[in-house]
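Remarks on the structure that follows.
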Amino acid sequence: MYFKKEDMAGTHYTWNSDDKKHVFTGQPSRKPFDRFNGDQVLFLINFYGSMLKDFTLQDGRVLEQDILKQFQLTQ
């Protein structure tokens, strides 16, 4: 399953205004991560979801919340 922008629960994200479908591709890198950038969060959710055999909408939402909580703790 591919997790989409419309599937995300958060409303605090900024989004790239380009019409590009996939702003981020490939493997995660060591570039700075912005938890408020919806494109970056969506990329991480789909990257990790691609490693699961039965990735569900609920799994994606749990990952979204985990990303938000984890980065709140480190800020």
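Where a number appears in this text, it was derived from the coordinates with a stated rule and is not lab data. Nothing here was measured: the structure is a model prediction, and the numbers come from that model. Please note: Cβ atoms are built from the backbone with ideal geometry, for glycine as well, and neighbour counts cover all protein chains shown.
Give me the net charge for the shell around GLU6: Cβ to Cβ below 13 angstrom, other residues only, Lys and Arg +1, Asp and Glu -1. Write out the running numbers ahead of the final one.
On the way: positive: LYS4, LYS5, ARG61; negative: ASP7, GLU64.
Combined, the nearby Lys, Arg, Asp and Glu give +1.
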So ASP54 and THR11, fully extended at 0.36 nm per residue minus their Cα-Cα distance, gain in nm 12.9 nm
What is the extension gain from ARG30 to GLN65, computed as 0.36 nm multiplied by their sequence separation minus the C-alpha to C-alpha distance, in nm to one decimal? 10.5 nm
Mean Cβ-within-10 Å packing, highest first, puts peptides 33-45, 5-17 in the order 33-45, 5-17
